[in-house]
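The values are calculated or read from the model by the stated rules, or taken from the named source; none is laboratory data. Because the structure is predicted, anything quoted here is derived from the model rather than measured. So basically every Cβ, Gly included, is an ideal-geometry build from the backbone, and we count neighbours across all protein chains shown.
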Amino acid sequence: MTAIPDAAAQAVRWLAIPQPTALDLRADMWRPASVCVLAEEHAFAREAIRLQGELAACGIPYGDDAVIRLRRDDQTGESFAIDVAAEIEVRAGRADGVFRATRQLLHNLRAQDGIPQGRVSSAPAVAERGFHLDAARKHFPAAWIIQLLHALADVGITTFQWHLSENEGFRIGSDAFPEVVSDAHITRAEAIEIADAAADLHIDLVPSLDMPGHLRHVLSVHPEHRLADAGGLPTEHALDITSAAASVFARALIDDVAELFPRSRRWHLGGDEFVDFARIDEYPALASAARDRHGPRATGFDLLTGFVNEIAAHLRARGLAPRAWNDGMLRSEAVALAADVTLTWWTNWHPQMRPLSEAVDAGHPLVNFHDGLFYYVLGEKAGYTYPTSARIWEAAWHPGLFPTLPGGIRQEIAAPYPSALLGTSFSVWSDDPAAQTPDEVIAGIRRPLRAMAERAWNGGSVLSHDDFCAIDAAIGVATGPRRSRG
């Protein structure tokens, strides 16, 4: 052990993101010449093997100078506790809790070549800390996506929402509809490899196949399922939800992709920007079909809600919990959105979009996709600017702070958060695919993503922004099995 001089004892810090919930540090550092990692539960064996290799990459090979024990206790969820003395004891109730704890050890080693002795414990404020990747407008290679997953797991991201289809492309291999697949795409074999990597890193993979809007690329090959033009209003991107055949086609698209992700338990069906919602009454086919199906009060929003409910039921039958964007939802007159549809709340930019309070009152599960802070839009299109950690700190953001209503009206769910608030997510949208290379994307998102990770885990942060930036710089980046300082 390396003793820290008394004068420096008060300067001992736990250098990791996210910061632990509680910590009690002493003045000694753990840095043995060699170490043996022992899993005292079979369920933790993979974590022991992983950590043993990662420590070797940090210059601490296998040996008998010290021991790290991975033990099960009554911690719930991802919560963990770590005791650091002559040996290290990691305690958690699940393998993902052990994994989160071992990232903390590695951060300290990367940042300061040792781990402060003492005790830390931690529990997340929300269970879902997510990342959404628009890999449909822009092709991201499979190897890069796996590299991204390692970077996400390194700071406690639990969910990877993989956006596979857009107006500009369909970028995953298809057995049922090979004609819709873009030239540059992820093969089905690569998709399985990515799903395996996510599972190994304790990241839930949520496929995202947007419908009934955002389908221009697919519908250019299958125009028979395209909504009829309405007096010059564009519909080349919109599925004809008045047609039973188009709904069958939509479900078949889902089934073909879903075969690749048997471990996935959630699915994002889209539901957003189907048509110009402010002019939905100007699409007579929608209004007519809505009245036929749902009664004289029904509007195009009822037809849209009915379609979302139909797709949600199809997903549910496959064991997949349905998700939809918020902007077109809760706007129907005659049809209620199924209560179990999770609303991924990204914006309230238009005054006709329903406020968060209506989703809360209806009991919908929620994920906070706050576009004002966490939308990394390539090329800074549509009025967006790249997120920064400074803006996130200035907003005093926490998982319950949602996008504002028009006029700057605050929308907030106070802690302790209700179970309906599942968590939050950072998003990359590839509006201008040439604006950044994949490597520029991964470098650009690093600090704001970690800012979200810190504040999502802790429901805020005790760190100042300067302290956060210093820790971020100190821990550097994790690239595969080796670790380097950034």
Checklist entry - Just one of L51, L55 is under 27 Å from C469 (Cα atoms), at pLDDT 95 or above, over 25 Å from the mean Cα position of the chain (by Cα) and buried (at least 17 other Cβ atoms within 10 Å of the Cβ); which is it? => result L55
Checklist entry - Among the residues of region 174-191, which ones are touching a residue at least 40 places away in the same chain (Cβ under 8 Å) and either closer than 24 Å to I445 by Cα or in a helix (DSSP H, G or I) (or both)? => result E179, V180, A184, H185, I186, R188, E190, A191
Checklist outcome for this item: E333 fails exactly one of (1) surrounded by fewer than 22 Cβ atoms within 10 Å (Cβ to Cβ); (2) modelled with pLDDT of 95 or more; (3) acidic (D, E), namely (2)
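Every residue, every condition in (1) of a type in the set (D, E, K, R); (2) closer than 25 Å to A470 by Cα; (3) buried (at least 23 other Cβ atoms within 10 Å of the Cβ); (4) not assigned by TED's automatic domain parsing to the domain that holds A153, yes or no:
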| site | (1), (2), (3), (4) |
| --- | --- |
| Q75 | no, no, no, yes |
| E87 | yes, no, no, yes |
| R100 | yes, yes, yes, yes |
| H107 | no, yes, yes, yes |
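Could you look through region 5-48, keep only residues that are among the polar types (S, T, N, Q) and more than 26 Å from the chain's Cα centre (by Cα), and pick out the one that is modelled with the highest pLDDT?
Looking at residues that are among the polar types (S, T, N, Q) and more than 26 Å from the chain's Cα centre (by Cα), I get S34.
Quick one: which residue in R354, R318, R331 is among the basic types (K, R) and either over 26 Å from G408 (Cβ atoms) or free of Cβ contacts under 8 Å to residues at least 24 places away in the same chain (or both)?
Numbers: R354 fails: either over 26 Å from G408 (Cβ atoms) or free of Cβ contacts under 8 Å to residues at least 24 places away in the same chain (or both); R331 fails: either over 26 Å from G408 (Cβ atoms) or free of Cβ contacts under 8 Å to residues at least 24 places away in the same chain (or both).
Of the residues listed, the single one that is among the basic types (K, R) and either over 26 Å from G408 (Cβ atoms) or free of Cβ contacts under 8 Å to residues at least 24 places away in the same chain (or both) is R318.
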Next on the checklist: Going residue by residue through region 393-406, is there one that turns out to be touching a Phe, Trp or Tyr at 6+ places or on another chain (Cβ under 9 Å) and among the polar types (S, T, N, Q)?
Outcome noted: no
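If I ask for residues that are assigned to a loop (DSSP other than H, G, I, E, B), within 20 Å of D371 (Cβ to Cβ) and either aromatic (F, W, Y) or more than 19 Å from the chain's Cα centre (by Cα) (or both), which ones from region 420-437 would you list?
Just the residues of region 420-437 that are assigned to a loop (DSSP other than H, G, I, E, B), to begin with: 420, 430-437.
Now drop any that are not within 20 Å of D371 (Cβ to Cβ), which leaves 430-433, 435-436.
Of everything in region 420-437, those that are assigned to a loop (DSSP other than H, G, I, E, B), within 20 Å of D371 (Cβ to Cβ) and either aromatic (F, W, Y) or more than 19 Å from the chain's Cα centre (by Cα) (or both) turn out to be D432, P433, A435, Q436.
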Checklist entry - For the subset of region 28-48 comprising residues that are out of contact with any Lys or Arg (no Cβ under 7 Å at 6 or more places or on another chain) and in a strand (DSSP E or B), which member is surrounded by the fewest Cβ atoms within 10 Å (Cβ to Cβ)? => result C36
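Rundown of residues vs (1) surrounded by fewer than 18 Cβ atoms within 10 Å (Cβ to Cβ); (2) touching a residue at least 60 places away in the same chain (Cβ under 8 Å), yes/no style:
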| position | (1), (2) |
| --- | --- |
| V155 | no, yes |
| L164 | no, yes |
| I172 | no, yes |
| E193 | yes, no |
| D200 | yes, yes |
| M211 | no, yes |
| S220 | yes, no |
| P223 | yes, no |
Item to check | In region 232-245, residue modelled with the lowest pLDDT [restricted to those that are surrounded by fewer than 19 Cβ atoms within 10 Å (Cβ to Cβ) and closer than 23 Å to H294 by Cβ] | outcome: L233
Next on the checklist: Restricting to region 160-210, and then to whatever is polar (S, T, N, Q) and out of contact with any Lys or Arg (no Cβ under 7 Å at 6 or more places or on another chain), can you tell me which residue is nearest to L133 (Cα to Cα)?
Outcome noted: Q161
